[in-house]
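Working notes, structure below.
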Amino acid sequence: FHGPNTVNGTTERDYLAAVDASSGAVTGWNPRATAGAARAVAVSAGSIGAGGEFASLGPGVARHNLAAFSAADGSLLPWAPDPDRRVRAIVPDGAKVYVGGAFDTIGGRTRAKLAAVDAVTGLANDFAPTVGPSSAEVEAMQLVGPTLYIGGSFTQLNGSVTRNGAAAVDATSGAVTPFDPDVNNPVTALSVVGPTVYLGGPNITSVNGIGPGGTPRDGAAAVDAATGTVLPWDAKLDGALLALVTSGSTVYLGGNFTTAGGVPRQSFAA
C-alpha cells in the first residue's frame, strides 16, 4: 500500500496487512507500519520481510527501507540491513536474504542495486554483482538452484556485460550467466517455471533486440531460461502489465489492460 488503508472494512492496516488465503478475512497480524510505501514482502522461518521506501516503523523505531516482523504478531524484529535507498525485491534463502532495489549501500557495505545480507545480523556478505547505470533499479528476482534471475531498469552488469531489462547471475559469485532476453524496456515481474522464464513490464514491446530487429511482445513474454531466446508464448496485452505470477501451467497477469490475446479481460487475465 502507498498510504494508510482499510482492508475489507478493517481499519488501522497501514501499508501492511494479512488476510485469510481462503476467505479474504483480515487476520490479527498488524505491524502498524507508520510511514512510507511497502513494495516487497517475503516470508521466511517465522518472519516477514518487508521492503520499500520508509525511514521508521512502529513507535518511531528507525528502519530504512527494509525490515522484518514476527509472522505471529507483527512485532518489529531487530534485523536492520539499512539500505540507503528503496527496496523493490526480497528473496530469502536460508541463512541469507537477496535484496534488490535502487540502493548503493546495504548491510554496512557498498552494493550496487543487488546484494545478499545475513538473515540474522543484516550484514552484507561477499556477493557483490554491480548493476548499472547509477539510475538503475532491480525490481524483480527469483532464485532457482544456483542461479538468481533479476529484472529491472538496468542496461549492464558487472561493469562491462550488456544486459537490458533482465539477466541472471551466479547466486554465489555474482558472475553473469549467458541468459540474455535483451528486453527493450524495464522488466518489473518475472517467474521461472522449469526451462521457461515468464517476464513482463508496463512498457515492453520487444524481446531479443531493443531495436527494429527485436521480436514483438506486448507487455509480457516467455523466454528460454538458459539463453533468453524468446518462445512462441504471447499474451498480446493491449495495455500495461504490472504483475505476473505462475501456478502450475497457468500464468496469471494483472495490469492496466482490457484485452489479452484478443479476448476481453479487464485488468486480470490467465
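The values are calculated or read from the model by the stated rules, or taken from the named source; none is laboratory data. Quick caveat, the model's predicted, so the values are computed rather than measured. FYI the Cβ positions are ideal-geometry reconstructions off the backbone, even for glycines, and counts take in every protein chain you see. Remember, those area values only see protein heavy atoms, side chains included, never the ligands or the DNA or RNA. Shrake-Rupley method; radii C 1.70, N 1.55, O 1.52, S 1.80 Å.
What are the pairs with Cβ atoms under 6 angstrom where one residue, in region 125-152, is open to solvent by 60 Å² or more (accessible area, probe 1.4 Å) and the other, located anywhere, is of a type in the set (Lys, Arg)? Sequence gap at least six, or different chains.
Cβ pairs passing all conditions: none.
In region 156-258, which strands (runs of 3 or more DSSP E) lie fully inside it and hold 1 or more residues that are farther than 30 Å from Gly94 by Cα and open to solvent by 10 Å² or more (accessible area, probe 1.4 Å)?
Details: elements: 166-170, 189-193, 196-200, 220-224, 240-247, 250-256.
Fully inside region 156-258 and qualifying: 240-247, 250-256.
Test Ala128 against the stated conditions and say whether it is over 19 Å from Gly52 (Cβ atoms) and either among the acidic types (Asp, Glu) or in a strand (DSSP E or B) (or both).
No.
How many of the residues making up region 222-264 are out of contact with any strand residue (DSSP E or B) (no Cβ under 6 Å at 6 or more places or on another chain) and within 13 Å of Val193 (Cα to Cα)?
6
Any idea which of (1) over 18 Å from the mean Cα position of the chain (by Cα); (2) crowded, with 22+ Cβ neighbours inside 10 Å; (3) free of Cβ contacts under 8 Å to residues at least 40 places away in the same chain is the one Asp118 doesn't satisfy?
Among (1) over 18 Å from the mean Cα position of the chain (by Cα); (2) crowded, with 22+ Cβ neighbours inside 10 Å; (3) free of Cβ contacts under 8 Å to residues at least 40 places away in the same chain, the lone unmet condition for Asp118 is (2).
Val61 passes all but one of (1) at pLDDT 95 or above; (2) of a type in the set (A, V, I, L, M, F, W, C); (3) exposed (fewer than 14 other Cβ atoms within 10 Å of the Cβ); which number fails?
Unmet condition: (1).
Run down Arg85, Arg109 and say which single residue is surrounded by fewer than 24 Cβ atoms within 10 Å (Cβ to Cβ) and touching a Phe, Trp or Tyr at 6+ places or on another chain (Cβ under 7 Å).
Arg85
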